[in-house]
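Structure first, commentary second.
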Amino acid sequence: MTSTLTPTLAQTPAADATLQGIRPVSMARYDTDFQGFSNELGASFRTYGFAVVADHGLDEAVIEAALADAKAFFALPEDVKRAYHMPGTGGARGLTPFGVEAAKDAKTVDLKEFWHTGRELPPGHAYAKYMRANLWPTEVEGFRDHLYGMFEALDALGRKLLRAIARYLKLGDDFFEDKVELGNSVLRMLHYPPVPADAPGVRAGAHEDINVITLLLGAEEAGLQLKDANGEWLDIAPPPGALVVNIGDMLQRLTNHVLPSTTHRVVNPAPERRGFARYSTPFFLHFNPDYVIETLPSTITPENPDRYVGKSIMAEDFLTERLKEIRLL
């Protein structure tokens, strides 16, 4: 999963990693030292495919309201929740029930259920053929306002981070803007129920993300791990007020693996924590559905030849392929 940066890209010291996580990069530098922020963020991605972003600036009230609503929804009776499950849609919107999704090639399903909220398109927009309308449960007051508020906040932050990634890659700061402005992004509200001692699988099997970048707010319970270049699993435990961000397969492909999409998982809790549920809120930032992913010329060198010669692919087609692999389609 590792790769060598081309000579045209920024060369900076990698972030330090420990079993407690990766050294945070502070968003406080974004407006005061954008080049320094971009270099540090890019170096962490280059080495680990992950970064921890501190001082992210998201409104804690928005986060807490969305999380409270998600908890309230997941506590509803199963038959009520199942009314918001749309079979055959790839889990694009609404509920994906417990025991449906699995990591690619996994023998067991993940021990989780989740809710997806996506982008609200202008009426009659051409992307409506790719992006379904959202579902909104009536049983939880404020659910729509709180979750879509969270979606918009993470979407805006993701675009800021993409500007820093573009700077690191020497692409021009606004390179990604018109490629993600109406991206098929989703906010996933995840619920991992308590885990029995004889559980047949894990909360989330080892996998890589499909999308461009993922923004993940810290969970109340531990469990997130990434696999480093040496094959060792590192615990990722961001400090309060920090965000975990990782590279997805679409950006790995676009950058010819200069920015790697790293394998990660959510392991089952220690025996004393088995009775506690785990909630987390990943935001999967996607390209516009019709964007064609084709290797960036600046990432092709004699040492890092193009891995996808003649294999350009539309973002929507790439997403569909991967959803089939993880049993959502």
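The values are calculated or read from the model by the stated rules, or taken from the named source; none is laboratory data. Predicted model only: the values in this text are computed from it and were never measured. Cβ sites come from the backbone with ideal geometry, for glycine too, and all protein chains shown count toward neighbours. For accessibility, only protein heavy atoms count, side chains too; no ligands or nucleic acids. Shrake-Rupley method; radii C 1.70, N 1.55, O 1.52, S 1.80 Å.
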- Query: So, of the residues in segment 261-278 that are open to solvent by 40 Å² or more (accessible area, probe 1.4 Å) and touching a residue at least 12 places away in the same chain (Cβ under 8 Å), which turns out to be nearest to A106 (Cα to Cα)?
  - Reply: R265
- So which pairs qualify, if the first residue must be in segment 118-140 and outside any loop (DSSP other than H, G, I, E, B), the second must be of a type in the set (D, E, K, R), the Cβ gap must be under 8 Å, and the two must be at least 6 apart or on different chains? G118/R93; G118/R132; Y127/D290
- Can you give me the number of residues within segment 21-60 that are open to solvent by less than 60 Å² (accessible area, probe 1.4 Å), hydrophobic (A, V, I, L, M, F, W, C) and part of a helix (DSSP H, G or I)? 6
- Of the conditions (1) of a type in the set (A, V, I, L, M); (2) open to solvent by 10 Å² or more (accessible area, probe 1.4 Å); (3) out of contact with any helix residue (DSSP H, G or I) (no Cβ under 9 Å at 6 or more places or on another chain), A242 clears all except one; give me its number. (2)
- Considering each of F143, F175 in turn, give the residue that is buried (at least 20 other Cβ atoms within 10 Å of the Cβ) and over 13 Å from the mean Cα position of the chain (by Cα). F143
- Looking only at segment 72-94, which residues are under 22 Å from A199 (Cα atoms) and either in contact (Cβ under 8 Å) with a residue 40 or more places away in the chain or not in a loop (DSSP other than H, G, I, E, B) (or both)? F74, E78
- Note on the structure: When (1) polar (S, T, N, Q); (2) part of a loop (DSSP other than H, G, I, E, B); (3) open to solvent by 20 Å² or more (accessible area, probe 1.4 Å) are applied to Q225, the one that fails is (2)
- Message: Scan segment 108-119 and tell me whether some residue there is open to solvent by 30 Å² or more (accessible area, probe 1.4 Å) and in contact with a Leu (Cβ under 9 Å, 6 or more places away or on another chain).
- Response: no
- Message: When the residues of segment 188-207 are narrowed to those that are surrounded by 20 or more Cβ atoms within 10 Å (Cβ to Cβ) and within 14 Å of the chain's Cα centre (by Cα), which ends up nearest to H146 (Cα to Cα)?
- Response: M189
- Considering each of V292, V258 in turn, give the residue that is in contact with a Ser or Thr (Cβ under 7 Å, 6 or more places away or on another chain) and crowded, with 19+ Cβ neighbours inside 10 Å. V258
